Amino acid sequence: MLLGLVGKPSVGKSTFFKAATLAEVEIASYPFTTIKANHGVGYVKVKCIDKEFNAKCNPNHGFCLEGERFVPIDLMDVAGLVKGASEGKGLGNQFLDDLRQADVFIHIVDISGKTDAEGKSVDNHDPKEDILFLEEELGNWYYGLFMKVWNSFSRKVDMEKSKFSEAVAKQFSGLKVNEEQVKEVLRNLSLPEKSSTWNEEQVRSFVRGLRKLSKPMIIAANKIDIENGKENYEKIIKEFPDLIIIPCSADSELALRQASKAGLIDYIPGSKDFKILKDLNEKQKEALDKIKENVLEVYEYGTGVQEILNRSVFDLLGYLAVFPASANKLGDSKGNILPDCFLLPPGSTALDFAYFLHTDFGKNFIKAINAKTKMALGKDYKLQHRDALEIITR
Ligand SMILES: Nc1nc2c(ncn2[C@@H]2O[C@H](COP(=O)(O)OP(=O)(O)O)[C@@H](O)[C@H]2O)c(=O)[nH]1
Ligand SMILES: [Mg+2]
């Protein structure tokens, strides 16, 4: 699973990335920072189950802070997109290419309106334009990719009477399009059966639908801490009632995480408060006070960064966090308690989980046991978020 940060230049993509991964972007990056997409590890937050077992966990991956488990996910910071990117402007095609592997897009918008379409400083830019621009560029990009093969593809599918959704999913698997998504788009649009007869508008609407399902998007209304941020945010959520738009201050999150890393404060990503641990100088105190006053105390999700990652993974993609565990023995062979927490796609079953852990567990599956209730579960049991399961094998 990969989350891609997208948006025009200078909106705060790298700041968001840096805050979420707390990595030095330049250090962790590839030699061609501006061209190559940056990959890094961010974390989603899951209420840990260790308390339910009266235990204290020792995560193998990620970490646990005061009962909040932080589970690793892949994050990608893509260079800024400008108008015409889908036609190759500003190395657009290369940047867009990076986005193919993403499962979900986080569109970072400068909600303060202090940057124009190219990312240059201005006083009053309408963030609405940025939302429309990105939709259009992504739509054109998808459409371009489809049109490269569409004529011959659709004729072949029609002639050979192949299953259309299966053929599309196969042809565009690089975009992570799946059969279910194709079927859903077809259900929503009434298109002629023979795809080779579709006119341009029909192909476009089909492609647009697929883009939305295969790359769902959440919008980070970033720089909410700056003047006009709040007003613009309130305006924009009325203008786009169907979009998920979360107020965000990546810069504040970065400052909090850095202060926390330096041992100055206690801060759990995503919370609305922090605790000062050391004597701070005036400048540090002032900066933190400002964050508290302008961001943490104003917005439901604090800086918004953690909320955006969590919504992407758990709401948009519907993933489930599952812990391998046994009711009698919570630790692994080294005595680590609840060392793992894995993210599985929606609809996964107990058997899928067994295969996920090890092919042999899948092949020799007898049953699963819910470590919380000690109930036995069959192979078709649908996993629930925060399940703790033991797999019993032959
Ligand atoms: N006030 C404020 N500034 C921010 C925020 N996020 C990013 N910035 C600033 O915006 C500028 C561009 O950020 P950057 O992450 O490089 O943008 P990118 O081009 O989209 O990667 C930098 O000066 C950041 O410090 C934020 O939430 N609030
Ligand atoms: Mg950047």
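The values are calculated or read from the model by the stated rules, or taken from the named source; none is laboratory data. Since the model is a prediction, treat every value here as computed from it, not as a measurement. Heads up, the Cβs are rebuilt from the backbone with ideal geometry, glycines too, and the neighbour counts pull from every protein chain shown. For the accessible areas, the whole protein counts, side chains as well, though only heavy atoms, and no ligand, DNA or RNA atoms are used. Shrake-Rupley method; radii C 1.70, N 1.55, O 1.52, S 1.80 Å.
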According to the square roots a ≥ b ≥ c of the eigenvalues of the Cα gyration tensor, what is the shape class of region 215-257, taking rounded for a/c under 1.5, prolate for a/b larger than b/c otherwise, and oblate for the remainder?
oblate
Measure off 7 Å from each Cα along the Cα-to-Cβ vector at Lys161 and Glu297, then give the distance between these two points in nanometres to one decimal.
7.2
Length released on extending from Asp360 to Met375, taking residue separation times 0.36 nm less the Cα-Cα span
3.2 nm
Averaged over every viewing direction, what's the projected area of the C-alpha convex hull for the chain? Give it in nm², one decimal, please.
22.8
At q = 0.11, 0.14, 0.21 Å⁻¹, what base-10 log of I(q)/I(0) does the Debye formula yield for region 320-393 when every alpha carbon is treated as an equal point scatterer in vacuo?
-0.22, -0.36, -0.85
Keeping every protein chain present and rolling a 1.4 Å probe, give me the accessible area per residue for the chain in Å².
49
Using a/c under 1.5 as the rounded threshold, could you call region 246-394 rounded, prolate or oblate? The axes a ≥ b ≥ c are square roots of the C-alpha gyration tensor eigenvalues, and prolate needs a/b larger than b/c, oblate otherwise.
prolate
Distance in nm between label sites at Asp242 and Ser333, each 7 Å beyond Cα in the beta-carbon direction?
5.3
I'd like the Karplus ³J(HN,Hα) series for region 169-180: coefficients 6.51, -1.76, 1.60, θ = phi - 60°, whole numbers in Hz, and an x wherever there's a Gly or Pro.
4, 5, 4, 10, 5, x, 8, 6, 7, 10, 4, 4
Taking a cut-off of 23 Å between Cα atoms, list the lysines near Lys170, but don't count ones fewer than 8 places away on the same chain.
Lys148, Lys156, Lys161, Lys183, Lys194, Lys212, Lys215
What is the local net charge at Phe105, summed over the other residues whose Cβ is closer than 13 Å to its Cβ (Lys, Arg +1; Asp, Glu -1)?
+2
Got the relative contact order for the chain handy, in percent, Cα pairs under 8 Å and 6 or more residues apart?
17
Return the carbon/sulfur percentage of the accessible area of region 166-278, one whole number, probe 1.4 Å, all protein chains in place.
49
Inter-label distance, nm, simple model (7 Å from Cα along the C-beta direction), Glu286/Arg100:
5.0
Among DSSP beta bridges lying fully in the chain, give the percent that are antiparallel, nearest 5.
60
For the chain, calculated [θ]222 nm from helices alone, where every DSSP H run of n ≥ 4 adds -39500 (n - 2.57)
-10500 deg cm²/dmol
Using alpha-carbon positions, the gyration tensor of region 40-191 gives root eigenvalues a ≥ b ≥ c; with a/c under 1.5 called rounded, otherwise prolate if a/b exceeds b/c, else oblate, the class is oblate
